[in-house]
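What follows is a set of notes on a single structure, which appears directly below.
The values are calculated or read from the model by the stated rules, or taken from the named source; none is laboratory data. Bear in mind the structure is a predicted one, so any value in this text is a computation, not a measurement. Positions of Cβ are generated from backbone atoms using ideal geometry, with glycine treated the same way; all protein chains shown enter the neighbour counts. SASA here: full protein model, heavy atoms, side chains in, ligands and nucleic acids out. Shrake-Rupley method; radii C 1.70, N 1.55, O 1.52, S 1.80 Å.
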Amino acid sequence: SQEDQAFLRDMAYEAAFPEDMVDRPTPEAAQQVEWLPAYTEDWGTHSGDYGLIAEDETGKPVGAAWYRNYSDHAVSQDVPPHELSIALTPESRGNKVGENLMIRLLEGASSNGVDEISLIVRESNERARHLYNKLGFEALQTEEGFVTMKAPAKS
């Protein structure tokens, strides 16, 4: 739906530009960043698009986890082309919403025939890296303050 697309764009912004970022661009300015639209544009039209939106008890969206198949521009042989993104609204952080989204997304990936999934996280985001390690992700490389990780999709 249009609302889901807009929410996904908001969550891509949150994932790419965390609140504590120095010089965080406005959401409008961020849409001009060359690489950001690739995470959400034409959502659902690419083979391999898969995502989940978490809602609170009132039905308001509070987080999203999604992946896309980037085999067209794979970084290296070691990095799985299905790249996961996840973000939560600030008020929904810290109460297992992200962990539950990740578990369900990895299960969905496995059901969709995806063997492994990758993600990129800021090296300084220890809270997220702890969760990713807990869920079976391992670091592949660190470059310019970002850690590329991979994990098997769960069945």
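Here are the numbers for this structure:
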read-out: Top-ranked residue of the stretch 16-41 - restricted to ones that are open to solvent by less than 50 Å² (accessible area, probe 1.4 Å) and assigned to a loop (DSSP other than H, G, I, E, B), ranked as modelled with the highest pLDDT; value: PRO25
read-out: So GLU107, is it part of a loop (DSSP other than H, G, I, E, B), over 27 Å from GLY145 (Cα atoms), open to solvent by 60 Å² or more (accessible area, probe 1.4 Å) and not hydroxyl-bearing (Ser, Thr, Tyr); value: no
read-out: Residue count, the stretch 42-101 (criterion: open to solvent by 70 Å² or more (accessible area, probe 1.4 Å), part of a strand (DSSP E or B) and not charged (D, E, K, R)); value: 0
read-out: Any hit, the stretch 139-154, residues being aromatic (Phe, Trp, Tyr), open to solvent by less than 60 Å² (accessible area, probe 1.4 Å) and in contact (Cβ under 8 Å) with a residue 12 or more places away in the chain; value: no
read-out: Residue tally, condition without any contact (Cβ under 8 Å) to a residue 40 or more places away in the chain, open to solvent by 20 Å² or more (accessible area, probe 1.4 Å) and in contact with a strand residue (DSSP E or B) (Cβ under 8 Å, 6 or more places away or on another chain), over the stretch 111-131; value: 5
read-out: Residue match in the stretch 130-144 (condition: closer than 22 Å to GLN5 by Cα and of a type in the set (Lys, Arg)); value: no
read-out: Residue list for the stretch 141-155, filter: in a loop (DSSP other than H, G, I, E, B) and either among the acidic types (Asp, Glu) or over 18 Å from SER124 (Cα atoms) (or both); value: GLU144, ALA153, LYS154, SER155
read-out: Residues of the stretch 110-126 satisfying the condition of being in a loop (DSSP other than H, G, I, E, B) and of a type outside the set (Gly, Ala, Ser); value: ASN112, VAL114, ASP115, GLU123, ASN125
read-out: Residue that is nearest to the chain's Cα centre (by Cα), among those in the stretch 24-74 that are of a type in the set (S, T, N, Q) and within 21 Å of LEU105 (Cβ to Cβ); value: THR40
